[in-house]
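**Q** Before anything else, here's the structure in question.
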Amino acid sequence: MSNFALPLYKSPMEHKTHKTHKLLVTLILLLAIGVCAATVMYHILTRPVTKDKDLTLFLYPDATADSIISIISESDSTANTLGLSLWLKYLKYDSNPRSGCYTVTSMASARKVAGILKGGMQTPVNITVRSCRNNAQMARTLASQLMADSTGIATLLNSREFLDSLGYTPATVFCMIIPDTYQVYWNVSPRGLLERLAKESSGFWTDERKRKADAIGLSTQQVMTLASIIEEETSMSDELPQVAGLYMNRLKKGMPLQADPTVIFALGGERPKRVLQAHLEVDSPYNTYKNPGLPPAPIRFVNPKSIDAVLNYSNHSYLYMCAKEDFSGYHNFATTYSQHMENARRYQRALNQRGIMK
């Protein structure tokens, strides 16, 4: 009897069952891998872009998905940039980039942030409009806080056609903007910005302010004109109503205002350290040494505080003022010319002692 094993025989049914088992195991493994991959991808696509802080993005018209990712990565090295990148590519962000200021809030998902960027859902910014002496300064201070170019703003501030569309002229442009803090979109156009500021200026003149202007016998433009003068005369806000009262006294008496700032404006805005007699001879409707009453328009963009100082000016009998000899920024006030000349002599001696001749 031979000593060897006969080969095992598998029936067709057993062979088929074995193949089915292997296929099932393979499918289960593939499914498990797919589930794991899907879980990982879901985590990447839905987890927050940033967890610990809000990020502010200022995007120019040439922004791309890649440049956005770079900006975020530089601001927060732990940010989920992969998920955001995938969403931006899926939404085809580069085909229509949206400039503006955007806030990536902490714990906002990659999908939500991508939707905000793609949809152009901007976050408004606060801009501080400061009092300025001329259009160029105003253009620079506005442009420094926005995407807009200062040249574009300055061009409109000097455009007769544009100013006329808003009811202003090159002379009255200083009435068009009231320095304050405003909320706008960072990518607002120069035209849109100035139209908005002109609207805010109109709204500044409430019925109450208009009644006060009427009560003191001045138009709103004249109030702003006088306010522009007193703002140039003193940098001390607590002195503004007193200076306004002095000029109101002069107007009531028919005296020339004799305000040095108007002469400086007539000279072209160059501020000499010392106003000399020769300066007072400049031929200009803004020279209040030669022309009675108020000049034709403001000599600068003027703060609300100065406007309200005119509307609520101090009642007193002062007619003259002269800078204090201590150079504190305050003034000596006088009711008579002789008192004023004594104050002036003290100030002139102080100038001479400092070697300030012109």
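The values are calculated or read from the model by the stated rules, or taken from the named source; none is laboratory data. Please read all numbers here as calculations on a predicted model, not as lab measurements. Virtual Cβ from ideal backbone geometry, glycine too; neighbours counted across all protein chains shown. Please note that ligands, DNA and RNA were not included when accessible areas were found on the heavy atoms of the full protein model with its side chains. Shrake-Rupley method; radii C 1.70, N 1.55, O 1.52, S 1.80 Å.
**Q** Would you mind computing the Rg to Rh ratio of region 294-337 from its alpha-carbon coordinates, Kirkwood style for Rh?
**A** 1.02
**Q** Shape call for region 215-339 from the C-alpha gyration tensor, a ≥ b ≥ c root eigenvalues: rounded (a/c under 1.5), prolate (a/b greater than b/c) or oblate?
**A** The shape class here is rounded.
**Q** Please state, as a whole number in µm²/s, the translational diffusion coefficient that the Stokes-Einstein equation yields for region 136-275 at 37 °C and 0.692 mPa s, with Rh defined as the Kirkwood radius across alpha carbon pairs.
**A** 194
**Q** Got a number for the accessible area of His279? Probe 1.4 Å, square angstrom, nearest 10.
**A** 40
**Q** Using only the alpha carbons of region 93-162, determine the length spanned along each of the three principal axes and report them from longest to shortest in whole angstroms.
**A** Principal-axis extents of the Cα atoms in region 93-162, largest first: 47, 26, 15 Å.
**Q** Taking the Cα-to-Cβ direction at Phe327 and at Asn312 and moving 7 Å from each Cα, how far apart do the two end points lie in nm?
**A** Between Phe327 and Asn312, the simple spin-label model gives 3.4 nm.
**Q** With no solvent and one equal point scatterer placed on each C-alpha of region 58-216, evaluate the Debye formula and give log10 I(q)/I(0) for q = 0.14, 0.18, 0.19, 0.21 Å⁻¹, two decimals.
**A** -0.78, -1.03, -1.09, -1.24
**Q** Taking the simple approach of a point 7 Å from Cα along Cα-to-Cβ for both Glu200 and Thr56, what is their distance in nm?
**A** 1.6
**Q** Further question on the same structure: Count neighbours as other Cβ atoms within 10 Å of each site's Cβ, and list the GluC sites (Glu not before Pro) in region 243-333 that are DSSP loop with at most 12 such neighbours.
**A** Loop-located and lightly packed - Glu270.
**Q** Leaving ligands and nucleic acids out of the surface, order Val125, Val310 by accessible area at 1.4 Å, largest first.
**A** Reading off the accessible areas and sorting them downward yields Val125, Val310.
**Q** Take region 192-285, compute every pairwise Cα distance, and split them into 5 Å bins from 0; I just need the percent in each bin.
**A** 2, 11, 18, 19, 20, 15, 9, 5, 1
**Q** Taking Cα centroids, how far is region 189-228 from region 87-128 in Å?
**A** 37
**Q** Right, another one. What length, rounded to one decimal in nm, is gained on full extension from Thr155 through to Met255, with 0.36 nm per residue of separation minus their alpha-carbon distance?
**A** Contour length minus the Cα-Cα distance gives 32.2 nm.
**Q** Can you tell me the length gained on complete extension of the stretch Thr172 to Asn352, counting 0.36 nm per residue apart and subtracting the Cα distance?
**A** Additional length available on full extension: 61.0 nm.
**Q** What shape does region 47-98 have by the C-alpha gyration tensor, where a ≥ b ≥ c are the square roots of the eigenvalues, rounded means a/c under 1.5, and otherwise prolate means a/b greater than b/c and oblate the rest?
**A** oblate
**Q** Considering only DSSP states other than H, G, I, E and B, which chymotrypsin sites (Phe, Trp or Tyr not before Pro) in region 294-328 qualify as loop sites with at most 14 other Cβ atoms within 10 Å?
**A** When the chymotrypsin sites (Phe, Trp or Tyr not before Pro) of region 294-328 are filtered for loop state and at most 14 Cβ neighbours within 10 Å, Phe327 remain.
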